[in-house]
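A quick write-up on the structure given underneath.
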Amino acid sequence: MGYTREVLEREKRAVGSISQIRFYPAVIEKAGGAYVYDAAGRKLLDFNAAWAVANTGYGHKRVIEAFLREYSKLTALSYTSFSSKTVVSLAERLLGLVADGDGKKVIFGHSGSDANDSIAKILPACTGRPRILSFIGSYHGQTMGSYSISGHKAQSGIVGLPNVVKVPYPYGYRCPFKGVAGQPECEEACIGFLEDYIFNTIAPPETVSVIIVEPLQSDAGDIIPTPRFLRELERIARKHGIYLAVDEVKVGMGRTGRMFAFEHSGIAPDIIVLGKPLASGLPLSAVIMPSELADCNKVMHLFTLSPHPAIAAAALATIDVIEGEDLVGNAERTGKYMLEGLRKLEREKSIVGEVRGLGLIAGIEVVKDKESREPGARETAKIVYRAWELGLVTAYTGLYSNVIELTPPLIIGGREVDEALGILDKAIDDVEKGRVPDSAIKDYVGW
């Protein structure tokens, strides 16, 4: 631990903590497949995957070769002024992944934050409708526009743009409407509140340009609505001539057992926002949107170095791997197996209130006790810390900082799931029995 301690002490002196979320003292040196290796030489099973970025696993040969091949030919290009066959090929490939791609175009950026920022800029400007409707609990990014349309508690310290209206997202386990219990019932209440109250008071629908929604809210605590919820939002958007945008930054590209999470609901969104896993760890985002928005003749969303052709090549290889190795099917199959094991923990552990999952994204909601459902934030931090000590990389999210999130690489199988479940079982048991002191997490508060 000496080398780890040295690096962390140097970091503390040289790097600002305002851009860090830490859960344990980890310095990562290398990675391969579904495992990372820290500075002490420990091999850790990674069920975080760099926040759902490493869908194809770490160090996939096809992705690396594609990147290096293109980079060796062209180390820099500003796509704002010069075209690239590789970038155009990626745009065509992305449009081919959606059923209605013929009437759409793609714009690119560096990250999910700037991709969602495009929604905040382009939709009001190009439609003449000033308002944007988003959801409480949503996490869309860290630029000012994406920050403004987000509704996460961790982002509430800064006042964002004034044209954003945020409404409740159906969180069945903790429905924001008093007396409403259950996921379907909470969805009905949220839809009714939007249609019957918000549209008739502070946000007339003719002033709303876009509804932006996460098909499932990950950073709010892995909240998974029924298919009906997105269908209702689509109905509302169509009725009032509002664009419907889905944020697939974290859950797209195969994570949920479909290429895109919205496919579970059978809807056809107008706009699809992509990021994180798109280029297997290299900085790239993309927004698939109707041509009339992508070509609205107002230059307002461009970046000097994005999209880089070498990163576009890595993204093309990423899609090849996802499709060629059936990672979508594996996410569905292995995800079901993982969820079965997690639900066993839910039945057996006194501080596990609810388990939620879809494909290879899952949330374990930790509580003080199952009857009161009081969020167990400290217990959650201890479980995540203890799991890291035992060899499992996880993190926690949630509006109450009490949901352990699992987003492993899509290449895992039953053996890795069993290993992770065994560690989680032990970590939760140790926390329940008071074996993890408060002092262990005093410097690692995460969210």
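Values for this structure:
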item: DSSP-defined beta bridges in the chain - what % are antiparallel, rounded to 5; result: 65
item: Phi to ³J(HN,Hα) by Karplus 6.51 cos²θ - 1.76 cosθ + 1.60 over region 369-380, Hz, x for Gly, Pro; result: 7, 6, 6, 7, 6, 4, x, x, 5, 5, 4, 4
item: Contact order relative to length of region 61-324, as percent, for alpha carbon pairs under 8 angstrom and 6 or more apart; result: 29
item: Three-way shape label, region 280-383, alpha-carbon gyration tensor, a/c 1.5; result: prolate
item: Total formal charge among the other residues, if their Cβ is under 13 angstrom from that of Ile191, Lys/Arg +1 and Asp/Glu -1; result: -3
item: Potential extension, His240-Phe303 segment - 0.36 nm per residue separation minus Cα distance; result: 19.4 nm
item: Positive dipole terminus of region 61-324, leading residue within Ile288, Ile319, Thr201 (C-beta point charges); result: Ile319
item: Where labels lie 7 Å past Cα in the beta-carbon direction, separation of Ser291 and Ser17 in nm; result: 5.3
item: Shape parameters for the chain, alpha-carbon atoms, Rg then Dmax in Å; result: 21.5, 62
item: Mean Cβ neighbour count within 10 Å, used as a protection proxy, ranking 300-313, 156-169 highest first; result: 300-313, 156-169
item: Average Cα contact separation per residue, the chain, under 8 Å, 6 or more apart, as relative contact order %; result: 21
item: Antiparallel DSSP beta bridges within region 61-324, as percent of all bridges there, nearest 5; result: 45
item: Furthest towards positive pole of dipole, Thr256, Ile236, Val246, structure part region 219-259, Cβ charges; result: Ile236
item: Protection-proxy order for peptides 229-239, 215-225, each taking the mean of Cβ atoms within 10 Å per residue, highest first; result: 215-225, 229-239
item: Point-charge dipole on Cβ atoms (K/R +1, D/E -1) for region 291-447, about Cα centre, debye to 20; result: 460
item: Total charge dipole magnitude, the chain, about the Cα centre, Cβ charges on Lys, Arg, Asp, Glu only, Debye to nearest 20; result: 660
item: Peptide ranges 240-251, 80-91 listed from the most packed, as the mean C-beta count within 10 angstrom indicates; result: 240-251, 80-91
item: Sequence-separation-based contact order of region 227-345, relative, with Cα cut under 8 Å and 6+ spacing, percent; result: 26
item: Greater than 30 Å apart at Cα, pairs in Lys85/Lys121; Lys105/Lys250; Lys12/Lys344; Lys12/Lys61; result: Lys12/Lys344; Lys12/Lys61
item: Under 15 Å, Cβ to Cβ, from Thr80 - net charge with Lys/Arg +1 and Asp/Glu -1; result: 0
item: Given charges at beta-carbon only (K, R positive; D, E negative), |dipole| of region 61-324 in Debye; result: 420
item: Partner lysines for Lys349 [C-alpha distance under 28 Å; skip if fewer than 8 residues away on the same chain]; result: Lys43, Lys153, Lys178, Lys336, Lys368, Lys370, Lys382, Lys426, Lys433, Lys442
item: For Tyr396, residues with placed amide H under 5 Å, excluding near neighbours; result: Glu405
item: Approximate spin-label separation Ala40-Arg5, in nm, with each point projected 7 Å along Cα-to-Cβ; result: 1.1
item: FRET efficiency, 1/(1 + (r/R0)^6) with R0 35 Å, evaluated for Phe193 and Glu432 via beta carbons; result: 0.40
item: Residues with amide H under 5 Å from that of Ile411, placed H, sequence gap 5 or more; result: Gly57
item: In Hz, Karplus ³J(HN,Hα) per residue of region 354-362 (6.51, -1.76, 1.60; θ = phi - 60°; x = Gly, Pro); result: 7, 10, 10, x, 8, x, 9, 9, 8
item: Extension gain, Lys153 back to Phe82 (0.36 nm per residue minus Cα-Cα distance, nm); result: 21.5 nm
item: Alpha-carbon centroids, region 395-431 and region 208-269: separation in whole Å; result: 25
item: Unmatched cysteines, the chain - criterion: no other Cβ of a Cys under 4.7 angstrom; result: Cys190
item: The chain - mean residue ellipticity at 222 nm from DSSP helices (-39,500 (n - 2.57) per run, n ≥ 4, rounded to 500); result: -11500 deg cm²/dmol
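Just so you know, all these numbers are worked out from the coordinates, no wet-lab data involved. Being a predicted model, the structure only gives us computed values, none of them experimental. Cβ: placed from backbone, ideal geometry, glycine included. Neighbour counts: every protein chain shown.
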